[in-house]
Structure formats: C-alpha cells, structure tokens
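Worksheet: the structure to be examined is printed underneath.
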Amino acid sequence: MNDDKKVLACVDQSKYAESVTDYAAWAARRMQTPMELLHVIDRHPRLEAVKDHSGAIGLDAQENLLKQLSDEDETRTRAAREAGRIFLNGLRERAGASGAFVVDVRQRHGELETTLPELQDDVRLFVLGRRGASAQATQRDLGRNLEWVVRSVSKPVLAVPAEFREPSRVLFAFDGSSLTRQGIQMIAGSPLLKGLPIHLLMAGKSQAQAPKQIEEARNVLKAVGFEVTVEVQPGDPETVIAEALNAQQCDLLVMGAYSHSPWRSLFVGSKTTDLLRSAAVPTLLLR
C-alpha cells in the first residue's frame, strides 16, 4: 500500500493540533506513507474590535479609509501566515520525533470544506480533530463544520479526540450496507489496522440476513490474519455501540459516515453525528 499518496493532517491553533499530529504520524508509520500538515487560514477572520466607520465622509477621507483598511488587512494576513509557519514547524518537529519519515507542511487561505476536495486526489487518509478553534468558545461537543468537511471528501476521515492514545483494539460498526462491506475490504487490504483485534458489531433493527452478512465480513478479515470477534445486538445503535466500546475495551471505532443527504439531517438528525457525540474514541469514518 506504500505509494505516493499521503496522510493529510488538518490542524488549526486549538488544543487538538498535537493530537491530530500524533494520530496522523501513527497512521503514516503504519502505512509507511508520507504525511502532510495542512493549516487553512480563514479568508475572513473575525475582528476582535471593529471601528465605527459609519457617517458621511468626503472623497479624500474615503480613499484614506480604504487604504487604511487595505493596509490593516495586509498586516493581519502577514501576521497570520508567520504565526502559521511557526505553528506548523513545531508540529513538523513533533511528527518527525515520533518516527514519521516524511513530513511536509502547507498553508492555504480559504475554508477547510472547500480546500480538502481540491487536495484529495493525493490523499489516502484525512485526520482532523473532533472540534477545532472555532468550537472552543461555544463548548460544542463536535466542531460545527465537521459534518460538512467529512461530506466534502470521498476518502476516509479519522476524527480524533484531544488526547492521543495509540489504538490497540478496534470496534467496527458493521451494518451490512455496501459502504461498510467496502470498508471491510479496505481494512483487509491496508496495513493501517494490521495486527489489531477487531470486534464486528451489528446493531439496530433485527435483520434476517445479519448473521450471514457478519460472518462473510469476519471471513474476509480472518483470511488476511485478523483476530475477529462478532456480535449482533438489536437496539438503538448509538446506545449499543457506546456500550460495546466500553465492554470490549475498544479504543478505535470504524463506521460508515453520512449516508443520507445533508438536507435530511437538518430535519431528522444524523446517526453519524449522534455516534460521534457518544464515542469518545478516535473514529475512522468511511466514505
């Protein structure tokens, strides 16, 4: 699986930056692939203090004001880029010290959910924090843009908590869908989780095909050397999966992500978001 595609760590200046770096370095080491640290600078940052420019002013004053605003914007942009450069260099040193063998850095102006699709052709795995700098002030349990970012790409996304803990046991939330069946094939063909025991769990409404589907998934993984246990448990998936993570002592969750349209989620909610909220462990979201 070692080729030119990389692990892309999406970092901002929040408490998640070091954890994102550590998980990305862990994934890059296991897949023997390069990693890159990406810092996206908001084109329209919130100003902490905004001067009152209202009122009638003459043409000369207007020109002076426009020049002043332009100069201030240029100064803010330079300062943001320099702060970002120092920030990224520190994280690159951290990743290198942990054993990641090729670590690049990149800064872009824009928004994360539009930047990532532009870069994904060269990416095998995205890594980002469950929350970022914009969510810290609101005390939200998930970053407000996480769903939109995950929906914007077609590659797997590893959403991680604020503290790094090297995964040792995996819970795969398998529902028999084409997405999770493809996920089984992906895990079987990748060195990312090789050597880690996997617990396959089917939760939700009882399905006649469930025992057959989960047995087929187990056989695919066992054929390439995985230690696999299986469980079919009716009940609310959010509750069942949260209980299984604890009972099985799993520290990495794998699941399909956002199979319904974003507009449906606005009205009836999203199972992916519910599960992300209830699971404190890093979560590999299949797309």
TODO: Roll a 1.4 Å probe over the protein heavy atoms and report the accessible area of residue 75 in Å², nearest 10.
DONE: 70
- [ ] State whether the stretch 144-252 is rounded, prolate or oblate according to the following rule on the C-alpha gyration tensor (a ≥ b ≥ c being the square roots of its eigenvalues): a/c under 1.5 gives rounded; otherwise a/b larger than b/c gives prolate, and the remaining case gives oblate.
- [x] rounded
Task: Accessible area (Å², 1.4 Å probe, nearest 10) - residue 155 - done: 40
- [ ] Work out from phi, with θ = phi - 60° and the Karplus expression 6.51 cos²θ - 1.76 cosθ + 1.60, the ³J(HN,Hα) of each residue of the stretch 118-124, listed in order in whole Hz, and give x for Gly and Pro.
- [x] 5, 9, 6, 4, 9, 10, 9
TODO: Amide H neighbours of residue 131 under 5 Å, at least 5 residues apart or on other chains, H built in the peptide plane: list them.
DONE: 143
Task: Formal net charge of residues neighbouring residue 94 (Cβ-Cβ distance under 10 Å; K, R +1; D, E -1) - done: -2
Open item on the list: With a cut-off of 8 Å between alpha carbons and a minimum separation of six or more residues, what is the relative contact order of the stretch 180-256 in percent?
Closed with: 37
- [ ] Largest first and to the nearest Å, give the Cα extent of the stretch 179-230 along each principal axis.
- [x] 32, 20, 16
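The values are calculated or read from the model by the stated rules, or taken from the named source; none is laboratory data. Computed from a predicted model, the values in this text were never measured in an experiment. Positions of Cβ are generated from backbone atoms using ideal geometry, with glycine treated the same way; all protein chains shown enter the neighbour counts. Remember, those area values only see protein heavy atoms, side chains included, never the ligands or the DNA or RNA. Shrake-Rupley method; radii C 1.70, N 1.55, O 1.52, S 1.80 Å.
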